[in-house]
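A quick write-up on the structure given underneath.
The values are calculated or read from the model by the stated rules, or taken from the named source; none is laboratory data. Note that the structure is predicted; figures quoted are calculated from it, not measured. Glycine gets a Cβ as well: all are built from the backbone with ideal geometry, and neighbour counts include every protein chain shown.
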């Protein structure tokens with residue numbers, strides 16, 4: 001899968017050192033993946049939560065941080081929509097961000 005807006009992850013990792021390893025692993029798994037549907041996502045990330053409109057939420061560092069992506073299965077693209085703390089996540093609508 002191709003990850004769009006990867007700079008958001010890199011910038012977040014620079015300011016949150018404890019998230020760097022988890023984000024690097026997430027990135028590696030996603031780039032190697034060939035997701036065709038939400039079951040493929042859940043196969044790679046069983047704790048992910050699927051959200052409407054082909055979005056997924058991933059827990060980073062045991063749910064300290066949350067990552068929201070929009071997945072374009074046909075185009076093999078994963079677009080990073082949000083990365084932030086749990087408190088920041090509580091202030092957004094994951095279905096529309």
- prompt: Within region 65-86, can one find any residue that is under 14 Å from residue 1 (Cα atoms), part of a helix (DSSP H, G or I), out of contact with any strand residue (DSSP E or B) (no Cβ under 6 Å at 6 or more places or on another chain) and at pLDDT 95 or above?
  reply: no
message: Can you report the number of residues in region 19-41 which are surrounded by 13 or more Cβ atoms within 10 Å (Cβ to Cβ) and in contact with a strand residue (DSSP E or B) (Cβ under 7 Å, 6 or more places away or on another chain)?
response: 9
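What number of residues in region 54-63 are in contact with a strand residue (DSSP E or B) (Cβ under 7 Å, 6 or more places away or on another chain) and either in contact (Cβ under 8 Å) with a residue 40 or more places away in the chain or assigned to a loop (DSSP other than H, G, I, E, B) (or both)?
Of the residues in region 54-63, 3 are in contact with a strand residue (DSSP E or B) (Cβ under 7 Å, 6 or more places away or on another chain) and either in contact (Cβ under 8 Å) with a residue 40 or more places away in the chain or assigned to a loop (DSSP other than H, G, I, E, B) (or both).
I'm trying to understand the selection: among the residues of region 30-49, which are within 11 Å of the chain's Cα centre (by Cα) and closer than 16 Å to residue 77 by Cα? Walk me through how you get there before you give the answer.
Taking region 30-49 and keeping what is within 11 Å of the chain's Cα centre (by Cα), we get 30, 41, 45, 48-49.
Across region 30-49, the qualifying residues are 30, 41.
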- prompt: Here is a list of conditions, (1) without any contact (Cβ under 8 Å) to a residue 24 or more places away in the chain; (2) assigned to a strand (DSSP E or B), and residue 39 meets all of them except one; can you say which number that is?
  reply: (2)
query: What number goes with the only condition from (1) surrounded by 15 or more Cβ atoms within 10 Å (Cβ to Cβ); (2) at pLDDT 95 or above that residue 13 does not pass?
result: (2)
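For region 6-25, what are the residues that are over 16 Å from residue 45 (Cβ atoms) and either part of a helix (DSSP H, G or I) or within 11 Å of the chain's Cα centre (by Cα) (or both)? Please lay out each step first, then the result.
To start, the set of residues in region 6-25 that are over 16 Å from residue 45 (Cβ atoms) comprises 6-8, 10-18, 20.
Correct list: 6, 7, 8, 10, 11, 12, 13, 14, 15, 17, 18, 20.
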